[in-house]
Amino acid sequence: MSRIEAKKPSLCTNEPLTKERVSFSLSVLSGIVKSCYGPTGRLKQLHNGMGGYVRTTSQSSALLGGLSITHPVLKVLTASVQNHISRFSDCGLFTAILCCSLVENFQRINFAPCTVTKISRHLLSLCTDYLKSEACGCRISVDFDSIKTLLSLVRSILASKPACMLNKTEANHLSTLVLKAFLVTIPHTIETNVVLGKCVIVPVKEKRVMDSTVLPGLLIEVPEFQLARTFPVKRVSSSTIKMALFCISLSGDLSNIGEGTVIVHHGISLEVAVLDQLLNLGKQLVNDRVGLVVCQKVIHPSLKQYLKEHHVITIDRIGVSMMEPLSQMTGSQPIAALHSVSPACYGSLKDLSTESFVSKHFLHLIPNDTLVCSLILCNRNEMAWDELKLACQTAEHVLQLTIKQPLALLGGGCTETHLASYIRHKSFTLPTSVLKAIDCSRTQYQLVADAFCHSLECVACCLEHDDGEILTDMVYGHFWSVQSGFPSDCNWSDLVLKCGCGIYNNQQNLNWTVLRSQCIPFTPQICSNEPSINSTDDLVLDCFTAKCSGLQVAVETANLILDLSYIVEDQN
C-alpha cells in the first residue's frame, strides 16, 4: 500500500541545552516543582482540555503523572524522577528540584560536560559516604522501641502535603493511626525472610478526619439489604468460621470456569451442566462446614440461594486487589476450579460483624491472629481524600524502608544546608592526589563544588514561599527562616525561633548568616546531645533511603542531560 504522505526526515538537534526552547521548558518545569515544595507549597490544578476530573495537588507522583511532557530532555528528567517515586514513594520533588538546579548551575560555569561529570560524581561519593558514616551530623538512628521518632517521620510526610487540608490535631491523629496500622503488619516472630502484612485503606469521604480509625482484619463493602440476611453464620466452633476463597467466576459462564473439565451428557445443555457442577460445589462446601464463601468475580444467584439456605454467607465481586490480603489474613488458598476442592485450601476467621460509615455498609472479617488491618480514612471532600490517601501510602512505604535501614535524615532543609557546608569545606581541603585522579584543577573542582552546593541550598530555599529571609548557622549548618518585613536593626537571634528540623532554637549562640552569602568554609558540627533530639516534640524528618536515592538520581540524571549532544526525533 502506497503512503498518502511522503515520509518526513528525522529532526536532528545538536547541543539541545543551548536552544532557547529547551532552556525555557526546563525553567518552567523547575518553577512548577519548586513552588510545590514543602508544607506551605502552592497547589496545582491538573485537568485536560476536554474537561473531566480536576486534580488539585502538590505531590510529585500526581503532578508529574498529570503533566504533558513533549520535549525529549524533559522526558528524560521526569522519567528518572518517576522511576525513583515508583521505588521509594518519597522525595520526588526533592529529586526534581535538585536535578533542575544542577543542570542550570552546571551550565553557568561553562565547563566541558566530561569535566563536570567527573567532579560531580566525586562530590556525590563524598555526600553518600558522609551520609552513611557514623560521623554524619544530619542523620539520626530510628529506635523501634520508641514510637516518638517514627511518629515524627510519619507526621513530617503528612504535614508536607497542604492539599490534605489537615490541622495540627488532625495530622497528629492520622500519624498515630498510620503508625498503628503499620505496626500491626509486623510479624511477632522473627524469621529469615520476614513478610509484612497488609494495611488496606477504606475510603470514607465527606466525614471528619478525626473519625478515621484502624480496625483489625478486613472490611468488605456490601449492599445494605445483604447485611440484613447475613446472620446467623455456619461455624466450625464458637471462635472459628471456615472460609473458601475463589479466584474464578462462579457465575456459570462457560468462558470462565477455571481449570478442569465439565462432563455433558447427550441431550443436556451446557448451561444446565455447569449449574449442576456449581450446585455440587455448593454441597461440598456445606458438607465441609464452610461458613463464608468469597469470590473475586461473580457468584451465580442459584448457588447464592443454596448456600444461604444452609447459613453460608457469600460475598462476590471483591476484585483482585483484595485477594492477597484475604489469603494472607485467613490462610486460605485461592481456588481456581469447580470440582475436587481440597480442604487444605480453606482458611479460617475468628468472627464476622457489620460496620457502617456514613452511607457505606461493610462486613467486617475478624481474624484469629492478624497481620492485616483496615485503615478507615476520612476527609472533608474527594479532592482532599485523594491527596490524603496518597500521603498515607507514602508514609507506610517510608516506614517499610525504615525497617530495612533504621535511619532518618533531618528535614526542614537542614540536611541540604548541612551537606552543602560539609561539601564546601571538603572542596577547600581536598588533597592534590585526588585532583590528579579526577584530572582537574583545584579551581575547576571548587567551581563545580560551589555549583553543587548552591543546588543543594536552592532545594532548601524552596521551602520559603512568602519572601522570608533564609539563614544558616555557622556551627551546625542548619536551615533557619525569618518572616518577611522584619526590622533592619534587629539581631538574627531576636528573629529566628527554631531551625527547620526543630532541634535547635534561638537560645543557642549559633552565629547566623544569610544563606548563600560569602563566608569562610567551616566543618559543621555533629549534634552530640542525643537527649535533645529525643525530647523535641515537633521534629521534622526525612526518609534516609529515599533521600539518598533521590540525591543519586538527581546527580546522575543532570550529568546525563548535560552530556546530550544530539536529539533525533521521528517526525512521522
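Given the conditions (1) closer than 30 Å to ASP276 by Cβ; (2) open to solvent by less than 50 Å² (accessible area, probe 1.4 Å); (3) modelled with pLDDT under 75; (4) not polar (S, T, N, Q), and given that ALA244 satisfies all but one, which numbered condition is not satisfied?
(3)
Name the residue that is surrounded by the most Cβ atoms within 10 Å (Cβ to Cβ), counting only residues in segment 56-72 that are part of a helix (DSSP H, G or I) and out of contact with any strand residue (DSSP E or B) (no Cβ under 7 Å at 6 or more places or on another chain).
Residues of segment 56-72 that are part of a helix (DSSP H, G or I), as a first pass: 60-66, 72.
Cutting the leftovers down to out of contact with any strand residue (DSSP E or B) (no Cβ under 7 Å at 6 or more places or on another chain) gives us 60-61, 64-65.
Working: SER60: 26, SER61: 19, LEU64: 21, GLY65: 14.
The selected residue is SER60.
Listed here are the residues, each with its yes/no results for (1) modelled with pLDDT of 95 or more; (2) in contact with a Gly (Cβ under 9 Å, 6 or more places away or on another chain); (3) basic (Lys, Arg); (4) in a strand (DSSP E or B).
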{"position": "LYS308", "(1), (2), (3), (4)": "no, no, yes, no"}
{"position": "ARG317", "(1), (2), (3), (4)": "no, no, yes, no"}
{"position": "MET322", "(1), (2), (3), (4)": "no, no, no, no"}
{"position": "GLN328", "(1), (2), (3), (4)": "no, yes, no, no"}
{"position": "VAL341", "(1), (2), (3), (4)": "no, no, no, no"}
{"position": "ALA344", "(1), (2), (3), (4)": "no, no, no, no"}
{"position": "SER356", "(1), (2), (3), (4)": "no, no, no, yes"}
{"position": "HIS361", "(1), (2), (3), (4)": "no, no, no, yes"}
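Limited to segment 226-237, what total is found for residues that are hydroxyl-bearing (Ser, Thr, Tyr) and either touching a His at 6+ places or on another chain (Cβ under 7 Å) or at pLDDT 75 or above (or both)?
Number of matching residues: 1.
For segment 8-26, give me each residue that is surrounded by fewer than 16 Cβ atoms within 10 Å (Cβ to Cβ) and touching a residue at least 12 places away in the same chain (Cβ under 8 Å).
Matches in segment 8-26: LYS8, PRO9, SER10, LEU11, CYS12, ASN14, GLU15, ARG21.
Within 25 Å of the chain's Cα centre (by Cα), basic (Lys, Arg) and assigned to a helix (DSSP H, G or I), is that true of LYS34?
On the way: within 25 Å of the chain's Cα centre (by Cα): yes; basic (Lys, Arg): yes; assigned to a helix (DSSP H, G or I): yes.
So LYS34 fits the description; yes.
Of everything in segment 400-421, what is among the hydrophobic types (A, V, I, L, M, F, W, C), surrounded by 24 or more Cβ atoms within 10 Å (Cβ to Cβ) and closer than 23 Å to LEU63 by Cβ? Give them in sequence order.
If the condition is that a residue be among the hydrophobic types (A, V, I, L, M, F, W, C), surrounded by 24 or more Cβ atoms within 10 Å (Cβ to Cβ) and closer than 23 Å to LEU63 by Cβ, then LEU409 is the only one that fits.
For segment 153-208: of the residues being hydroxyl-bearing (Ser, Thr, Tyr) and closer than 19 Å to HIS397 by Cβ, which is surrounded by the fewest Cβ atoms within 10 Å (Cβ to Cβ)?
Looking at the filtered set, the residue picked out is THR176.
Does any residue in segment 321-345 that is more than 26 Å from GLU221 (Cα to Cα) and in contact (Cβ under 8 Å) with a residue 40 or more places away in the chain come within less than 9 Å, Cβ to Cβ, of a residue that is part of a loop (DSSP other than H, G, I, E, B) and open to solvent by 20 Å² or more (accessible area, probe 1.4 Å) six or more places away or on a different chain, and which pairs are these?
Qualifying pairs under 9 Å: HIS339/GLY260; HIS339/THR261; HIS339/VAL262; SER340/GLY260; VAL341/ASP288; PRO343/ASP288.
Which is free of Cβ contacts under 8 Å to residues at least 24 places away in the same chain, at negative phi and within 19 Å of the chain's Cα centre (by Cα), of ALA159, ALA171, ALA163, ALA181?
It is ALA171.
Which one of these does TYR53 not meet: (1) touching a strand residue (DSSP E or B) at 6+ places or on another chain (Cβ under 8 Å); (2) touching a residue at least 12 places away in the same chain (Cβ under 8 Å); (3) loosely packed, with under 11 Cβ neighbours inside 10 Å; (4) of a type outside the set (S, T, N, Q)?
Looking at each condition in turn, TYR53 falls short on (2).
Pull up segment 422-463, narrow it to residues that are surrounded by 22 or more Cβ atoms within 10 Å (Cβ to Cβ) and of a type in the set (Val, Ile, Thr), then point me to the one that is nearest to the chain's Cα centre (by Cα).
For segment 422-463, the residue satisfying everything is VAL459.
Please go through segment 119-144 and give me each residue that is within 24 Å of the chain's Cα centre (by Cα), open to solvent by 40 Å² or more (accessible area, probe 1.4 Å) and farther than 19 Å from PRO524 by Cβ, ordered by number.
Selection gives ASP143, PHE144.
The values are calculated or read from the model by the stated rules, or taken from the named source; none is laboratory data. Keep in mind that this is a model prediction, so the values were computed, not measured. Glycine also receives a Cβ, built like all others from the backbone with ideal geometry; neighbour counts cover every protein chain displayed. With ligands, DNA and RNA removed, areas are computed over all heavy atoms of the protein, side chains included. Shrake-Rupley method; radii C 1.70, N 1.55, O 1.52, S 1.80 Å.
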